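A short write-up of the structure that comes next.
The values are calculated or read from the model by the stated rules, or taken from the named source; none is laboratory data. Bear in mind the structure is a predicted one, so any value in this text is a computation, not a measurement. As a convention, Cβ positions derive from the backbone with ideal geometry for all residues, glycine included, and neighbour counts pool all protein chains shown.
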Amino acid sequence: MLIRACKSKIHRATVTRADLDYVGSITIDRALLDASDLQPYQYVNITNVSNGVFWQTYVMAAPRGSGRVELNGPPARHFQAGDKIIVLGEAWLEPSELKGLDPKIVIVEGDDNAKKLTDRNRKFRLLAHSKVKNAPRKRA
């Protein structure tokens with residue numbers, strides 16, 4: 001039997017763009033993907049802290065240091081630039097593997113609640129602060 005578990009989390013990233021006319025997915029700066037151990041084309045769950053919407057889609061990598069966190073296609077109806085989101089990567093594990101699970105959690109810099117969250121919930125460790133800037137991407 002396999003159990004669905006959280007292996008990665010990007011906590012309170014800011015959406016930089018929502019593009020309804022794109023095919024679909026979430027585009028995330030490569031630096032955030034590497035820090036959180038998420039892979040391109042991996043399915044992720046996304047929660048919009050601003051309105052409670054829950055969405056599942058796959059990840060695409062944006063250039064490292066671009067600051068991009070973009071919702072593409074249908075989720076652009078539910079996620080807008082400036083919204084805070086939580087991105088969760090999951091894994092299917094045998095029960096015996098759960099004991100050794102150490103999820104990689106990235107709390108995005110600029111979240112005033114990050115220290116309180118880390119102090120309050122020790123099972124989530126602060127892996128890294130993102131140095132990513134959340135500037136919107138300019139269209140060509």
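Condition (residue is acidic (Asp, Glu), modelled with pLDDT of 90 or more and not in a strand (DSSP E or B)) applied to the stretch 64-80: is it met by at least one residue?
From the stretch 64-80, those acidic (Asp, Glu) are 70; that's our starting set.
This time we only want the ones that are modelled with pLDDT of 90 or more, so: 70.
Then drop every residue that is not not in a strand (DSSP E or B), which leaves none.
Scanning the stretch 64-80, I find no residue that is acidic (Asp, Glu), modelled with pLDDT of 90 or more and not in a strand (DSSP E or B), so the answer is no.
Does the stretch 18-26 contain any residue that is under 18 Å from residue 77 (Cβ atoms), of a type in the set (Phe, Trp, Tyr) and in a loop (DSSP other than H, G, I, E, B)?
The answer is yes, given that some residue of the stretch 18-26 is under 18 Å from residue 77 (Cβ atoms), of a type in the set (Phe, Trp, Tyr) and in a loop (DSSP other than H, G, I, E, B).
Looking at the stretch 81-117 only, could you name the residues that are in contact with a His (Cβ under 8 Å, 6 or more places away or on another chain) and modelled with pLDDT under 95?
105, 106, 107, 108, 109, 111, 114, 117, listed by residue number.
Return the only residue of 91, 18, 76 being in contact with a helix residue (DSSP H, G or I) (Cβ under 6 Å, 6 or more places away or on another chain), in contact (Cβ under 8 Å) with a residue 40 or more places away in the chain and of a type in the set (A, V, I, L, M, F, W, C).
Residue meeting the stated conditions: 18.
Give the residue that is surrounded by the fewest Cβ atoms within 10 Å (Cβ to Cβ), with candidates limited to residues of the stretch 35-47 that are in contact with a Lys or Arg (Cβ under 9 Å, 6 or more places away or on another chain) and not in a loop (DSSP other than H, G, I, E, B).
If we take residues in the stretch 35-47 being in contact with a Lys or Arg (Cβ under 9 Å, 6 or more places away or on another chain) and not in a loop (DSSP other than H, G, I, E, B), then 35 is surrounded by the fewest Cβ atoms within 10 Å (Cβ to Cβ).
Six or more apart or on different chains, Cβ atoms under 6 Å: show the pairs whose first residue is in the stretch 48-59 and outside any loop (DSSP other than H, G, I, E, B) and surrounded by 15 or more Cβ atoms within 10 Å (Cβ to Cβ) and whose second is of a type in the set (D, E, K, R) and at pLDDT below 95.
Close Cβ pairs satisfying both conditions: 48/83.
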